[in-house]
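The values are calculated or read from the model by the stated rules, or taken from the named source; none is laboratory data. The structure displayed is predicted, hence computed values, not measured ones. All Cβ positions, even for glycine, are placed from backbone atoms using ideal geometry, and neighbour counts span all protein chains on display.
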Amino acid sequence: MKKNIIKLAVAGAVLAAASAAQAGIVIPAGEWTLDVNGNVNAFAIMSRAKDSNSITGGLASTKDSAGEKNGYGINTGLLPSWLGFTGTTRQNDVDVSFTISMQPNVSDNGTAGDGNTPLNRQAFLTFGDKSWGSFKLGKDIGIFASDAILNDMTLLGVGAGGQQSGGATTLGGIGTGYIYAAWKGQVAYTTPNMNGFQATVGITNPNQGIIGSGHASAVSNLNQDRFGLEGKASYSFSANDLTGKIWVSGASYKVKATTTAEYTAYAGDIGVNANAGNFGATAYIYAGEGYGSYMPLQNGVSATGIKRDSDGGYVQLTYALPTKTKLGVAYGISSLDLASGESSSALFKDNERVTVGAYHPLTKHLNLVAEYNNIETKSHNGLKNESSSLSLGAILFF
């Protein structure tokens, strides 16, 4: 993998932390090689809300109870600060590895500033060989929709959700262009790379998901008849100055909650990323039934258990200046339909995002970031909220 840190693939490698090619601090340890890697990032975020309507599932910020429209915070961005440990070795003609990581919080609204606990997003092992593929067992980023977030330029910045001071991360394009891939227990097989083509299939922990119709509804007691099923296929290409990747992925979950009937939720997507010279472009779309709109399964069904359709996507253009500063603009939208028989309600209809960003590599490992984000939420009963944010900060990879 190229060492130019500004490339989003590097941020993707840190997020997935499964690629030994992107080495951090490499320590030989007998038969093992230990790679200590991660990032630290922080942003000063200034946000402004224009409205104060109550919209279920809306991602635009609103005025507070005192009518204050301005908000301020110092937060991590979409990519949390990260400390990962990956050990690799080869034994009996098999490549073996383990990855364990933790994600400490930069921001905390507690009185003493230490109320938040770190995230623990990864603990998995892999084994395989380039001739026949590899297996992964443990907790890692989900298979479906993972390429959507790994190609999002706001992975180096903030995106949506910047008004949430004290949160572990912001949202980037989650809920305004794609559904969160989430972090899931899984058993997955990845084929060898066959002239640029590669596929992954897996079963995932089924007992997770937010079923209720409200944005902040509690996790229901799920009773499922099978594991979740997820898979993806991709093709990476290179011709002269043109490089890129095309991918498709999908997921299916059979859900039975205490408050709804049994149903099968599923979703699929397709995306492409291409780079030519200093230009880069990404286009992505998804659609689902009963799969939700923000987190997996969230808002996916009505109160009576009838599935809601969802769809969305994003487009993104970037250009690297001679100074190596990367400029980018993106538009994303996530939409949710009412279920059959549902009347007009304050459930959100669309969450839209416009992002303009500048990402400058001050050194090989340190990037300065400036972003402007505008978020607009519309509901099925005609309400609207709009908010904007400006963020300035830095992200350091090691």
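Here are some notes:
- Going through (1) assigned to a strand (DSSP E or B); (2) surrounded by 18 or more Cβ atoms within 10 Å (Cβ to Cβ) one by one, V96 falls short only on (2).
- If only residues of segment 223-248 that are touching a residue at least 24 places away in the same chain (Cβ under 8 Å) and aliphatic (A, V, I, L, M) are counted, the one that is surrounded by the fewest Cβ atoms within 10 Å (Cβ to Cβ) is L242.
- The residues listed here are T33, T62; of these, the one that is polar (S, T, N, Q), closer than 25 Å to T154 by Cα and surrounded by 16 or more Cβ atoms within 10 Å (Cβ to Cβ) is T62.
- Members of segment 271-286 that are farther than 16 Å from T176 by Cβ, part of a strand (DSSP E or B) and among the small types (G, A, S): A274, A276, G280, A281
- A Cβ distance below 7 Å, combined with a sequence gap of six or more or placement on separate chains, defines the contacts here; from segment 318-333, residues that are within 13 Å of G280 (Cβ to Cβ) reach residues that are outside any strand (DSSP E or B) in the pairs T318/M153; Y319/N278; A320/N278; K326/I6; L327/L321; G328/M153; A330/M153.
- Considering only residues in segment 255-270 that are modelled with pLDDT under 90 and not in a loop (DSSP other than H, G, I, E, B), the one that is surrounded by the most Cβ atoms within 10 Å (Cβ to Cβ) turns out to be V255.
- Qualifying residue in segment 345-359 (condition: among the small types (G, A, S), surrounded by fewer than 15 Cβ atoms within 10 Å (Cβ to Cβ), modelled with pLDDT under 95 and not in a strand (DSSP E or B)): no
- If the condition is being charged (D, E, K, R) and not in a loop (DSSP other than H, G, I, E, B), then segment 19-72 contributes D35, R48.
- Within segment 371-398, residues that are free of Cβ contacts under 8 Å to residues at least 60 places away in the same chain and over 15 Å from V354 (Cβ atoms) have Cβ atoms under 6 Å from residues that are of a type in the set (D, E, K, R) and in a strand (DSSP E or B) in these pairs: H380/K349, counting only partners at least 6 apart in sequence or on another chain.
- Only residues that are aliphatic (A, V, I, L, M) and part of a loop (DSSP other than H, G, I, E, B) were counted in segment 76-93, giving 2.
- Taking segment 319-344 as the range and being over 21 Å from the mean Cα position of the chain (by Cα) and part of a strand (DSSP E or B) as the test, the residues that pass are Y319, A320.
Here's the yes/no breakdown for (1) touching a Cys at 6+ places or on another chain (Cβ under 9 Å); (2) part of a loop (DSSP other than H, G, I, E, B); (3) crowded, with 22+ Cβ neighbours inside 10 Å:
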site: L297; (1), (2), (3): no, yes, yes
site: L368; (1), (2), (3): no, no, no
site: L392; (1), (2), (3): no, no, no
site: I395; (1), (2), (3): no, no, yes
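- In the condition set (1) at pLDDT 95 or above; (2) within 25 Å of T190 (Cβ to Cβ), N120 is compliant with all but (1).
- The residue that is modelled with the highest pLDDT, counting only those in segment 299-311 that are aliphatic (A, V, I, L, M) and surrounded by fewer than 18 Cβ atoms within 10 Å (Cβ to Cβ), is I306.
- Among the candidates K364, K324, residue that is over 23 Å from N75 (Cβ atoms), touching a strand residue (DSSP E or B) at 6+ places or on another chain (Cβ under 6 Å) and either of a type outside the set (F, W, Y) or surrounded by fewer than 17 Cβ atoms within 10 Å (Cβ to Cβ) (or both): K324
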